[in-house]
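Visitor: Below is the structure I would like to discuss, written out as structure tokens.
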Amino acid sequence: MNHATDTDPHDRDVGDRFERLHRFHGGLVLPGQHEMSTSLPIKDAGVPPVLVVPLLQHIGETAECLVKEGDHVHKGQIIAAPSGSVSAPVHAPSSGTVVAVAERPFPHPSGFSFPSVVIETDGRDEWSEHTYTLPDYRQLSRVRLLDHIRAAGIVGLGGAGFPTQVKLSKGPSNRVDLLVINGVECEPYISCDNMLLQERAREVLEGVGILQHILQPRDCVIAIEADMREAEAAMRQAVSTAGDTGIKIVSVPERYPSGGERQLIKVLTGSEVPSQGFPSDIGIICQNVGTAAAVYRAVVNNRPLVSRIVTVTGAGVKQPRNLEVLIGTPFRYAIEACGGYSDDVDRLLMGGPMMGFAVNTDEIPVIKATNCILAVTRKEMPPPATALPCIRCSKCTEVCPADLLPQQLYWYARSGNLDAAQDYSLFDCIECGCCAYVCPSHIPLVQYYRHAKTEIWDAEKQKKASDIARDRHQSRQMRLEQIKRERAERLARKKREVSGAGDARDAKKAAIQAALERVRKKKEREGLVQKNVNNLTPEQAEKIREVDTRRQHKRPPGEH
Amino acid sequence: MLTALLTLGALAALIGLVLGYAAIRFRVESDPVIDQIDKLLPQTQCGQCTYPGCRPYAEAIAAGAADINQCPPGGESTIQALADLLGRDPKPLNPEHGEHSEKTVVVIDEQVCIGCTLCIQACPVDAILGAPKQMHTVIESECTGCDLCIPPCPVECIEIVPVRQSIANWVWPLPGDELPGTDEHAQPQAAVR
């Protein structure tokens with residue numbers, strides 16, 4: 001990147017840029033052990049009688065199961081739909097009958113089970129009918145291709161398994177300066193990318209072409225480790241046959257972990273990916289060679305990701321080699337395809353000896369992130385010696401490729417001072433294992449970091465849960481108060497209504513009273529009309545006159 | 001002399017006005033310390049601290065009416081966090097309020113539930129779903145494990161269970177206290193043969 005800024009990109013030959021490679025801090029030159037599994041070609045492991053397909057095979061959210069017990073599925077049929085953005089669908093790796101949707105052993109350091117679709121295969125391996133065929137990818141828009149890649153269930157095949165389309169759609173406004181295709185298989189024993197490049201260089205190249213079409217990067221480089229000579233030769237051959245692809249092949253010196261995304265970017269460009277950031281923050285996208293091949297199969301052959309190449313190796317396996325394995329194939333079946341265990345097998349690991357983890361059963365299935373099944377003997381990987389106290393020799397600091405202070409992280413992780421561990425950039429640790437490898441006290445440093453990381457995540461989850469609980473409690477309180485208030489209001493209204501009705505009764509009473517009064521008055525008035533004055537005898541009239549005069553006299557003056 | 005006095009006086013008046021305005025303009029409604037304390041509490045709303053919920057307890061701590069060691073669900077880590085926040089010395093959990101235990105949730109035995117809604121009324125976070133004379137059930141992800149629903153249940157159909165360990169909430173053990181099955185140096189031979 002340094003010298004890329006001062007010249008116009010279009011005038012410059014892609015070759016200049018990677019003439020001088022850079023170095024990342026630390027790292028180790030480890031005995032490769034790759035050749036153990038590279039003498040034999042990739043073999044198709046075939047269809048095992050039972051496939052166990054977990055509903056989560058990568059970082060992100062669990063897919064939503066679409067099938068039920070008894071359903072017949074075809075190879076490539078979608079059996080679980082993605083939920084959320086960082087999620088990938090799951091496809092049936094072969095045809096057969098779903099016999100269970102239940103928890104099954106899962107390749108995870110915890111040894112826990114995980115919801116899986118169990119398929120009893122019928123051996124016919126029939127593909128599902130395609131409803132459409134994709135036209136030439138050069139005619140398709142970026143969005144359409146990304147959708148297709150997502151629908152094919154493609155995740156990064158380098159080991160971490162991040163859904164590919166998420167990585168490809170990072171920062172759509174940002175111009176992609178550099179597309180790095182990672183063929184630097186630096187971890188000892190593993191050789192699946194090596195064999196893929198040797199045998200299927202054209203597929204990888206086509207896949208890279210599709211990625212170039214999607215990202216439109218200024219430069220594109222395929223990085224291959226220096227000791228993978230046959231792979232590099234095959235790739236160079238493919239590139240020269242393809243003509244002008246704008247792809248540059250760079251041989252990266254052997255130094256573990258140069259295949260780590262951040263380390264590789266540092267080696268190629270000299271730039272560092274920001275702490276807690278992504279390569280896309282500095283205009284770089286990194287994809288594994290296996291992912292490129294999977295993209296080719298998805299876009300050109302319209303095949304979802306139902307199988308991958310797995311290195312089955314270690315002195316604990318009779319015939320170490322690379323296998324093309326259906327997702328969901330039990331480890332045991334893959335090992336049997338390589339001649340079975342040797343007599344002195346001691347331990348089984350998923351992944352390589354540096355970053356892999358021990359598993360306690362071979363019933364677990366191969367998932368999209370399984371790049372290596374390693375069966376080791378006690379001789380080649382002796383049980384670690386008892387850990388002794390840290391002597392502050394700082395060898396771990398010298399080899400740390402992330403430029404951290406491993407011994408400080410160790411102290412903080414061990415004492416549970418997680419805030420301090422985070423202050424010392426715990427989350428920039430890539431768990432490469434260099435520090436533990438060189439530690440003269442044999443302290444299992446990485447396990448301390450993994451403990452601290454998971455502990456912090458757990459605390460964050462609990463924090464979130466307690467925030468939700470607080471909200472729910474508050475809204476409940478508010479609701480109860482509102483109900484109380486409404487009840488009080490209703491009561492008050494009723495009371496008012498009742499007392500209001502009393503007034504009405506009074507008014508009625510008054511009206512009746514008034515009417516009675518009127519009647520009485522009227523009666524009185526009518527009573528005053530002297531009906532008995534007609535036809536009076538003269539004596540009677542005389543008597544009345546007398547009475548009236550008397551009355552006149554009796555009344556006080558002014559009354560009339 | 002007079003100039004100096006006048007200048008200082010004017011300055012004092014001006015600053016006084018600005019401060020007075022700021023006091024009104026940027027007035028804080030609630031005591032921020034209460035919010036800070038409330039944030040550290042586990043929000044179980046169990047009432048074991050003798051206050052009717054986490055916020056009332058936070059208010060009591062802020063007012064000096066309650067001690068910082070009355071929250072069993074929070075345990076040592078909450079006491080430590082409160083001590084750090086308030087600049088006090090941490091002290092062990094007061095056993096009068098209960099003992100710290102791993103987080104649990106409750107489940108309703110749906111065969112036994114008679115649908116009385118008493119537990120729904122007791123739940124402080126609305127984590128129980130149901131209606132009169134209908135079966136009730138606990139929304140496990142929302143349950144805080146406060147156990148307040150247990151006393152009112154007339155048929156004792158609510159059970160306390162530990163939170164289910166899964167890949168999502170699993171924590172790598174520290175070297176030296178490995179769980180069975182997670183032993184880094186597990187010998188697969190038993191499983192292999």
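The values are calculated or read from the model by the stated rules, or taken from the named source; none is laboratory data. What you see is a predicted model; the values in this text were computed from it and never measured. Glycine also receives a Cβ, built like all others from the backbone with ideal geometry; neighbour counts cover every protein chain displayed.
Visitor: Within the range A:48-67, how many residues turn out to be assigned to a loop (DSSP other than H, G, I, E, B) and within 21 Å of A:GLU120 (Cβ to Cβ)?
Guide: 7
Visitor: Is there a residue in the range A:99-111 that is crowded, with 17+ Cβ neighbours inside 10 Å and of a type in the set (Lys, Arg)?
Guide: Our first condition is that a residue be crowded, with 17+ Cβ neighbours inside 10 Å; within the range A:99-111, this holds for A:101, A:104-111.
Next cut, of a type in the set (Lys, Arg) only: A:104.
Yes: the range A:99-111 contains one or more residues that are crowded, with 17+ Cβ neighbours inside 10 Å and of a type in the set (Lys, Arg).
Visitor: Can I ask one more? Output the number of residues of the range A:375-396 satisfying the condition of being away from chain B (no Cβ under 11 Å) and in contact (Cβ under 8 Å) with a residue 60 or more places away in the chain.
Guide: Of the residues in the range A:375-396, the ones away from chain B (no Cβ under 11 Å) are A:377, A:379-380, A:385, A:388-396.
Adding the requirement that they be in contact (Cβ under 8 Å) with a residue 60 or more places away in the chain leaves A:377, A:379-380.
Looking only at that region, the number is 3.
Visitor: Let me ask something else about it. Does the range B:50-65 hold any residues that are assigned to a loop (DSSP other than H, G, I, E, B) and either out of contact with any helix residue (DSSP H, G or I) (no Cβ under 6 Å at 6 or more places or on another chain) or modelled with pLDDT under 90 (or both), and which are they? Explain how you work it out, then say what you get.
Guide: Initial filter on the range B:50-65 (assigned to a loop (DSSP other than H, G, I, E, B)): B:50-53, B:64-65.
Selection gives B:THR50, B:PRO52, B:GLY53, B:GLY64, B:ALA65.
Visitor: Of the residues A:GLY209, A:GLY270, which is buried (at least 19 other Cβ atoms within 10 Å of the Cβ), touching a residue at least 12 places away in the same chain (Cβ under 8 Å) and of a type outside the set (A, V, I, L, M, F, W, C)?
Guide: Details: A:GLY270 fails: buried (at least 19 other Cβ atoms within 10 Å of the Cβ).
Exactly one of A:GLY209, A:GLY270 is buried (at least 19 other Cβ atoms within 10 Å of the Cβ), touching a residue at least 12 places away in the same chain (Cβ under 8 Å) and of a type outside the set (A, V, I, L, M, F, W, C), namely A:GLY209.
Visitor: On to the next question. Filter the range B:118-157 down to the residues that are of a type in the set (S, T, N, Q), within 22 Å of A:ASP471 (Cα to Cα) and more than 14 Å from chain A (Cβ to nearest Cβ) and list them by number.
Guide: Restricting attention to the range B:118-157, the residues satisfying the condition of being of a type in the set (S, T, N, Q) are B:121, B:134, B:137, B:141, B:144.
Remaining after also requiring within 22 Å of A:ASP471 (Cα to Cα): B:121, B:137, B:141, B:144.
Listed by number, the list holds a single entry, B:THR137.
Visitor: Only one of these conditions is not met by A:GLN422: (1) crowded, with 17+ Cβ neighbours inside 10 Å; (2) of a type outside the set (Lys, Arg); (3) under 28 Å from the mean Cα position of the chain (by Cα). Which number is it?
Guide: Failed condition: (1).
Visitor: Something else about it: Looking only at residues in the range A:114-145 that are in contact with a strand residue (DSSP E or B) (Cβ under 7 Å, 6 or more places away or on another chain) and modelled with pLDDT under 90, which one is surrounded by the most Cβ atoms within 10 Å (Cβ to Cβ)?
Guide: Within the range A:114-145, the match that is surrounded by the most Cβ atoms within 10 Å (Cβ to Cβ) is A:TRP127.
Visitor: Something else: Scan the range A:335-357 residue by residue and report those that are within 22 Å of A:GLU185 (Cα to Cα), of a type in the set (A, V, I, L, M, F, W, C) and in contact with a Ser or Thr (Cβ under 9 Å, 6 or more places away or on another chain).
Guide: Let us first name the residues in the range A:335-357 that are within 22 Å of A:GLU185 (Cα to Cα), namely A:335, A:338, A:348-357.
Adding the requirement that they be of a type in the set (A, V, I, L, M, F, W, C) leaves A:335, A:338, A:348-350, A:354-355, A:357.
A:CYS338, A:LEU348, A:MET350, listed by residue number.
Listed here are the residues, each with its yes/no results for (1) in contact with a Lys or Arg (Cβ under 8 Å, 6 or more places away or on another chain); (2) within 11 Å of another protein chain (Cβ to nearest Cβ).
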site: B:LEU14; (1), (2): no, no
site: B:ARG25; (1), (2): no, no
site: B:VAL33; (1), (2): no, no
site: B:LYS39; (1), (2): no, yes
site: B:GLY53; (1), (2): no, yes
site: B:PRO56; (1), (2): no, yes
site: B:GLU59; (1), (2): no, no
site: B:PRO73; (1), (2): yes, yes
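Visitor: Would you mind stating whether B:PRO92 is touching a residue at least 12 places away in the same chain (Cβ under 8 Å), more than 20 Å from the chain's Cα centre (by Cα) and exposed (fewer than 13 other Cβ atoms within 10 Å of the Cβ)? Step through it out loud before you land on a result.
Guide: Numbers: touching a residue at least 12 places away in the same chain (Cβ under 8 Å): yes; more than 20 Å from the chain's Cα centre (by Cα): no; exposed (fewer than 13 other Cβ atoms within 10 Å of the Cβ): yes.
Here the answer is no, as B:PRO92 does not meet what is asked.
Visitor: Collect the residues in the range A:348-367 that are within 11 Å of another protein chain (Cβ to nearest Cβ) and assigned to a strand (DSSP E or B), keeping them in residue-number order.
Guide: Scanning the range A:348-367 gives A:LEU348, A:LEU349, A:PHE357, A:ALA358, A:VAL359.
Visitor: Is it true that A:ALA507 is farther than 30 Å from B:PRO52 by Cα and either at the interface with chain B (Cβ under 10 Å from one of its Cβ atoms) or free of Cβ contacts under 8 Å to residues at least 24 places away in the same chain (or both)? Lay out the reasoning, then the answer.
Guide: On the way: farther than 30 Å from B:PRO52 by Cα: yes; either at the interface with chain B (Cβ under 10 Å from one of its Cβ atoms) or free of Cβ contacts under 8 Å to residues at least 24 places away in the same chain (or both): yes.
Considered against the rule, which asks whether it is farther than 30 Å from B:PRO52 by Cα and either at the interface with chain B (Cβ under 10 Å from one of its Cβ atoms) or free of Cβ contacts under 8 Å to residues at least 24 places away in the same chain (or both), A:ALA507 comes out as yes.
Visitor: Let me spell it out: the conditions are (1) of a type in the set (Lys, Arg); (2) at pLDDT below 90; (3) under 30 Å from B:TRP170 (Cβ atoms), and A:ARG104 meets all of them except one. Which number is the exception?
Guide: Only one criterion is unmet by A:ARG104, namely (2).
Visitor: I'd like to check something: does the range A:191-198 contain any residue that is polar (S, T, N, Q), surrounded by 24 or more Cβ atoms within 10 Å (Cβ to Cβ), under 31 Å from the mean Cα position of the chain (by Cα) and in a helix (DSSP H, G or I)?
Guide: Yes, there is a match, as at least one residue in the range A:191-198 is polar (S, T, N, Q), surrounded by 24 or more Cβ atoms within 10 Å (Cβ to Cβ), under 31 Å from the mean Cα position of the chain (by Cα) and in a helix (DSSP H, G or I).
Visitor: Looking only at the range A:481-529, which residues are over 30 Å from B:PRO124 (Cβ atoms), in a helix (DSSP H, G or I) and among the β-branched types (Val, Ile, Thr)? Working first, answer last.
Guide: Initially, the range A:481-529 is screened for residues over 30 Å from B:PRO124 (Cβ atoms), giving A:493-529.
From what is left, the residues that are in a helix (DSSP H, G or I) are A:493-528.
Once the filter is applied, which keeps residues that are over 30 Å from B:PRO124 (Cβ atoms), in a helix (DSSP H, G or I) and among the β-branched types (Val, Ile, Thr), the range A:481-529 yields A:VAL498, A:ILE512, A:VAL519.
Visitor: When you look at A:ALA80, is it buried (at least 22 other Cβ atoms within 10 Å of the Cβ), more than 21 Å from A:VAL310 (Cβ to Cβ) and free of Cβ contacts under 8 Å to residues at least 40 places away in the same chain, yes or no?
Guide: Against the criterion (buried (at least 22 other Cβ atoms within 10 Å of the Cβ), more than 21 Å from A:VAL310 (Cβ to Cβ) and free of Cβ contacts under 8 Å to residues at least 40 places away in the same chain), A:ALA80 qualifies.
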